[in-house]
Amino acid sequence: MYAIVDCNNFFVSCETVFNPSLKGKPVVVLSNNDGCVISRSQQAKDAGIKMGLPAYQIEDESIILYSSNYMLYGDMSRRVMSVLADSMPNIHVYSIDEAFVDFTGFKVSQIETKCREVIRAVRKFTGIPVSIGVAPNMTLAKLANRFAKRYKGYNGYCAIDDERKRLKALELSKIEDVWGIGRRYSAFLKRQGIVTAADFTRQSAACIKHYMKLPGLRTYQELYGEQVIEPRKYAANKSVCVSRSFAKGVSDMPSLEEAVSNFASSCAAKLRRQKSVATCITAFIMTNFYNERSDKYYNSVTVTMQQPSNNTVEIVQAALRALSLIFREGYSYRKAGVIATEISSDRYVQQNLFHEADNERLESINRLLDNLNSKYGKKMLRLAVEGGVNEERNEGWRARREHLSKNFTTDMKEIIEVKA
């Protein structure tokens, strides 16, 4: 048996933990630059707020808006996953708010007892509500989780553990709600009259394989109760990208250098966290292509480093070199980014005979940056070219976050105060 543990309305729940007055109110969290809705409380859903709705279209003044605070959400996610790891066997973290659990060898009664204990433990130690779905495989477990969230009578736990429950779950599940069937395939299937998961399983395996290849066939088999998708720890990303749309147009080179340096520094930190190195660094810049009155420009260039690296200094230097090749005067840039590719493990780095680098010094800089920023907060120590948080020059390229909450768990200056 497998379980999926999913945090309910995760981003909104994180905000509610530190502001209990939000309970029972319509709350939404917005994407970067306060663009569109990416998380909703149940009350916001009931008020008709849809996922992806642009913020400027929210006319109801009772809706409480929050800017996305990924530092807070990431730290709360680590706390939730830590509780799960202490309480359950074989945890496989799937996303910031989801984890699969392999319950092979457990009895169904033992699984329910353990899951209900975990629901209480996560709520007690983090304040985050979670729902758990259990089934013979991961696809059915995702469906069970949807029922656990949707119907209060389940109290956060639902198991598809016999044939009757499986058939009923398939009849009640829309095809777009099935894990592994994306938007494009669900639209295609609906055109063929396949509206529910049960309709999907009534097709022939040969037909599913023909139109949806092996991934679709695996989903088909799992809906029948077979176990064909193995839970696994996901490999390092094949590329790492950090980019941002700017709050205002940026036209001068120093501001763009500052922005690109910040993005490159974050790329380097991500590479180190996944214990990998990159050989190629790409920088790109673009204007607003939706503004018909402004001149359009987009360009990118890739710089190949002398040897694979995850060092902040080297990656920032490569990104700035790329930026210098594509920057053009006279444009108002609205987005920039840095992409690291040709990624490999940091355990086996091919050295360049003709490239002299003080590797020990660079590695000591990495350790210093990671240790201090982990202890005192993100970007507390940075390269000079990344600028300072209070400089006016960088306000144009930094994201618009007019409804940002504090970093209650990662910044000592913003730690919550309790007056007794």
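First measure r as the distance between the Cβ atoms of Q110 and V301, then evaluate 1/(1 + (r/R0)^6) with R0 = 56 Å and state the FRET efficiency to the nearest 0.05.
0.45
Going through the cross-link list K114/K375; K23/K419; K379/K419; K165/K213; K107/K165, which pairs have a Cα-Cα distance over 26 Å in this structure?
K114/K375; K379/K419; K165/K213
When the label point is put 7 Å from the Cα of D46 along its Cα-to-beta-carbon vector, which residues of region 11-30 have a backbone N closer than 15 Å?
22-28
Keeping the other protein chains in place, figure out the carbon and sulfur percent of the accessible area of the chain, with a 1.4 Å probe.
The C+S portion of the solvent-accessible surface of the chain is 50 percent.
Show me 208-218, 361-371, 70-80 ranked by packing, highest mean number of other Cβ atoms within 10 Å first.
On the way: 208-218: 15.5, 361-371: 13.9, 70-80: 18.6.
Those peptides, ordered most packed to least, come out 70-80, 208-218, 361-371.
Of the options V301, L404, M380, report the single residue whose Cα projects farthest towards the positive end of the charge dipole of the chain (beta-carbon charges: Lys, Arg +1; Asp, Glu -1).
Most positive-ward Cα: L404.
If amide H atoms are built 1.01 Å from N in the plane of the peptide, which residues on other chains or at least 5 residues away come under 5 Å of the amide H of N299?
Long-range HN contacts for N299: I285.
Which of the lysines could a cross-linker span from K275 if the Cα-Cα distance has to be under 16 Å and same-chain partners fewer than 8 positions apart are dropped?
K233, K238
Counting only helical runs of four or more DSSP H residues, what would the 222 nm mean residue ellipticity of the chain come to if each run contributes -39,500 (n - 2.57) and the total is spread over all its residues?
The per-residue figure over the chain is -12000 deg cm²/dmol.
Quick one: length gained pulling T341 to A206 fully straight, 0.36 nm per residue minus the C-alpha distance?
Working: separation 135, 0.36 × 135 = 48.60 nm, distance 3.73 nm.
Full extension from T341 to A206 adds 44.9 nm.
State which helices in the chain qualify, where a helix is a whole DSSP H run, it must extend 15 Å or more along its own axis by its Cα atoms, and its mean Kyte-Doolittle hydropathy must be at least 0.0.
Answer set is 70-87, 312-326.
Go through 140-146, 310-316, 162-168, 112-118 and give me the packing order, highest mean Cβ count within 10 Å leading.
Answer by packing, highest mean first, reads 140-146, 310-316, 112-118, 162-168.
For the chain, what is the accessible area per residue in Å², given a 1.4 Å probe and the full set of protein chains?
Result: 55 Å² per residue.
Karplus couplings for region 27-34 from phi (6.51 cos²θ - 1.76 cosθ + 1.60, θ = phi - 60°), rounded to Hz, Gly and Pro as x?
10, 10, 10, 9, 6, 3, 6, 6
Given an 8 Å cut-off on Cα distances and at least 6 residues of separation, report the relative contact order of the chain as a percent. Intermediate values should be presented prior to the final figure.
On the way: 736 pairs, mean separation 66.9, N = 420.
Here the relative contact order equals 16 percent.
Note the full-extension length gain between R401 and S332 as 0.36 nm times their separation in residues minus their Cα-Cα distance, in nm to one decimal.
Details: separation 69, 0.36 × 69 = 24.84 nm, distance 2.06 nm.
Answer, rounded to one decimal: 22.8 nm.
So what's Rg/Rh here for the chain, counting alpha carbon atoms and using the Kirkwood radius for Rh? Before the final figure, lay out each step's value.
Values: Rg = 24.1 Å, Rh = 24.2 Å.
Checking Rg against Rh, the ratio lands at 0.99.
Using amide H atoms built in the peptide plane, which far-off residues or other-chain residues are under 5 Å from V27 H to H?
S41, Q43, A44, I64
Measure up K45/K152; K25/K413; K335/K378; K50/K406 against 20 Å on the Cα-Cα distance and list the ones that go over. Before the final figure, lay out each step's value.
Values: K45/K152 16 Å; K25/K413 28 Å; K335/K378 22 Å; K50/K406 26 Å.
Distance filter (> 20 Å) returns K25/K413; K335/K378; K50/K406.
For R244, enumerate residues with amide H under 5 Å from its amide H, sequence gap 5+ or separate chain, H modeled in the peptide plane.
Close amide H contacts, sequence-distant or interchain: A336.
The values are calculated or read from the model by the stated rules, or taken from the named source; none is laboratory data. Keep in mind that what you see is a predicted model, and the values were worked out from it rather than measured. Here the Cβ is made from the backbone with ideal geometry for all residues, glycine too, and neighbour counts use every protein chain on show. Remember, those area values only see protein heavy atoms, side chains included, never the ligands or the DNA or RNA. Shrake-Rupley method; radii C 1.70, N 1.55, O 1.52, S 1.80 Å.
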